[in-house]
Every structure is written in structure tokens, then in C-alpha cells.
1. Filter region 78-90 for residues that are open to solvent by less than 30 Å² (accessible area, probe 1.4 Å) and of a type in the set (A, V, I, L, M) and give the result.
2. In region 3-104, which helices (runs of 4 or more DSSP H) lie fully inside it and hold 3 or more residues that are closer than 22 Å to residue 143 by Cβ and either within 10 Å of the chain's Cα centre (by Cα) or of a type in the set (Lys, Arg) (or both)?
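The values are calculated or read from the model by the stated rules, or taken from the named source; none is laboratory data. Since we're looking at a predicted model, the values are computed, not measured. No Cβ is skipped: glycine too gets one built from the backbone with ideal geometry, and neighbour counts run over all protein chains shown. To get the accessible areas, we keep the full protein, side chains included, count just its heavy atoms, and leave off ligands, DNA and RNA. Shrake-Rupley method; radii C 1.70, N 1.55, O 1.52, S 1.80 Å.
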Amino acid sequence: MTERKGIPVRACLLGLAAGSRASLGVGTALRTVPWGGRALTVLTVLGTAAEFVGDKLPGVPSRLGWAGLAPRIASAATGGALLARAAGAPALPAALIAGATAPAGAWAGVAWREAWGRVGPDTAGALIEDAVALAVSAAAARGLARED
């Protein structure tokens, strides 16, 4: 029952993480589904790693534009629904909360990178953002992850 009550907070956390790295919305939540196996885990990790590397490449479009924001919102909403189902809670409210929170995560990541860029190298700021996004997404799914 505690998991059901915590779903709005979990959805907010997942939305913030997906706003930073789109793959974390669905990727984190897939760790909670009963039908997931090792192959799904490997594919999810590879997809997330690809996004983490791609984020550091020059010429990456802004995540605040529609092309960058739409996948973050969709991933967060899908992930929120999956987390809710894993906890036995209704999916729609969690999907709406996570999707609505994703733009705040995107904005916070951009603000962080701009602030860090004034004091240190961009790559270091991006790696710190990666670590924070991973920690936040892990907190969202804590206790709901399936056992492999």
C-alpha cells in the first residue's frame, strides 16, 4: 500500500530524470515490469548509454525545443504509467504527473549546464548531470524493481 501512496512522488522524480535524459523515463520503469528479462535490461542499458554519450557530442539540438522536449515528455509519461502499474496504482495520473514534470527536468539540466560552464568544462558538468539523473531515476523505482 505504501508504494501506491508514493506514486505521485515517484512520477515526479521519474519526470525530472527523463527531462534530463529521455531514455531514463521508459528505461528506468522497464526495470519494474514482470515480463522484462536480461535481454530487455541489456537493450535498455545500451540505449541509455548511447544517449549519455550522444549528449556530449557537439551540435546536439536543445532539449528545450519541441524536438528535444517531446520525446522526454513521452518517455516520462510512459515510464510513469509503468511505475504505477508495478505498484498496483492507476496509470493515468502517474503518466500525467511524470509527463508534466519532464519539462522542469529539461530546464533544470540546461540551467545546470549553463551555470557549470562558467566555472568548469562542459563535459564535467554533463557527467555530473548524468549522475544526478541516474540517482533520481533510481529513487523513483526503488523498491519496485523486479528481481532478475
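1. Answer for region 78-90, where residues must be open to solvent by less than 30 Å² (accessible area, probe 1.4 Å) and of a type in the set (A, V, I, L, M): 81, 83, 84, 87, 89.
2. 7-20, 23-30, 66-86
This table checks each residue for (1) open to solvent by 20 Å² or more (accessible area, probe 1.4 Å); (2) free of Cβ contacts under 8 Å to residues at least 40 places away in the same chain; (3) of a type in the set (S, T, N, Q).
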{"residue": "13", "(1), (2), (3)": "yes, no, no"}
{"residue": "18", "(1), (2), (3)": "no, no, no"}
{"residue": "30", "(1), (2), (3)": "yes, no, no"}
{"residue": "33", "(1), (2), (3)": "no, no, no"}
{"residue": "51", "(1), (2), (3)": "yes, yes, no"}
{"residue": "61", "(1), (2), (3)": "yes, yes, no"}
{"residue": "66", "(1), (2), (3)": "yes, yes, no"}
{"residue": "104", "(1), (2), (3)": "yes, no, no"}
